[in-house]
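Have a look at the structure below before the remarks.
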Amino acid sequence: IISCLRAFVVSVLKGNSYAFKLSLIGLFNRIQAQKFPLSHSLLHVYIALVGGHGSYNGELRFVNMSDKQITAKLAGPLAFKDPLQVVEMNFEIKNLVFRNEGKYTVEFCCNGKPIGRRDFFVIGPRLPISESGG
């Protein structure tokens, strides 16, 4: 059975192919918006999977949890040579649009079945607190 070892939403992902290392920089679970709709210029989603047998149709989905609407998705094939293989993926998403504030999730599915997810929040502008406290 496929399991999702890791799923991270990050602002920068740097790789060193010589050392086979990845650096996840700017992990977050909140996005602050000054206005809506918000177009987030760039984010990465890193996912590591294990336990697969053969080929799958993979799909990364961004879901607005208030209405369960899929706001964006990316899909494509993935394959495991053996069940012990760790399949790592980096998705680079540009100009992702969030129409309103609230709870969102990024989930990864194999053959239509969700196998892992990561929740995050998009929040609107906060009014400054006055000096009088009101």
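Taking the criterion of being assigned to a strand (DSSP E or B), in contact with a Phe, Trp or Tyr (Cβ under 9 Å, 6 or more places away or on another chain), within 22 Å of Gln34 (Cα to Cα) and without any contact (Cβ under 8 Å) to a residue 60 or more places away in the chain, would at least one residue in the range 75-92 satisfy it? Checked the range 75-92: no residue is assigned to a strand (DSSP E or B), in contact with a Phe, Trp or Tyr (Cβ under 9 Å, 6 or more places away or on another chain), within 22 Å of Gln34 (Cα to Cα) and without any contact (Cβ under 8 Å) to a residue 60 or more places away in the chain.
Sort out which residues of the range 29-52 are of a type outside the set (Lys, Arg), assigned to a loop (DSSP other than H, G, I, E, B) and loosely packed, with under 12 Cβ neighbours inside 10 Å, and write them in order of number. Those that are of a type outside the set (Lys, Arg), assigned to a loop (DSSP other than H, G, I, E, B) and loosely packed, with under 12 Cβ neighbours inside 10 Å: Asn29, Gln34, Pro37. Quickly run through the range 42-74 and pick out the residues that are touching a residue at least 40 places away in the same chain (Cβ under 8 Å), of a type in the set (S, T, N, Q) and either on the phi > 0 side of the Ramachandran plot or out of contact with any Pro (no Cβ under 8 Å at 6 or more places or on another chain) (or both). Hit for the range 42-74 is Asn64, nothing else.
For the range 93-107, a residue qualifies if it is outside any strand (DSSP E or B) and surrounded by 17 or more Cβ atoms within 10 Å (Cβ to Cβ), and exactly one does: Glu101.
Residues of the range 108-118 that are in contact (Cβ under 8 Å) with a residue 40 or more places away in the chain and loosely packed, with under 12 Cβ neighbours inside 10 Å: Asn111, Gly112.
Bear in mind that the values in this text are calculations on the coordinates, not laboratory data. The model shown is predicted, which means the values in this text are computed figures rather than measured ones. Using ideal geometry, Cβ is built from the backbone for each residue, glycine included, and neighbour counts are taken over all protein chains shown.
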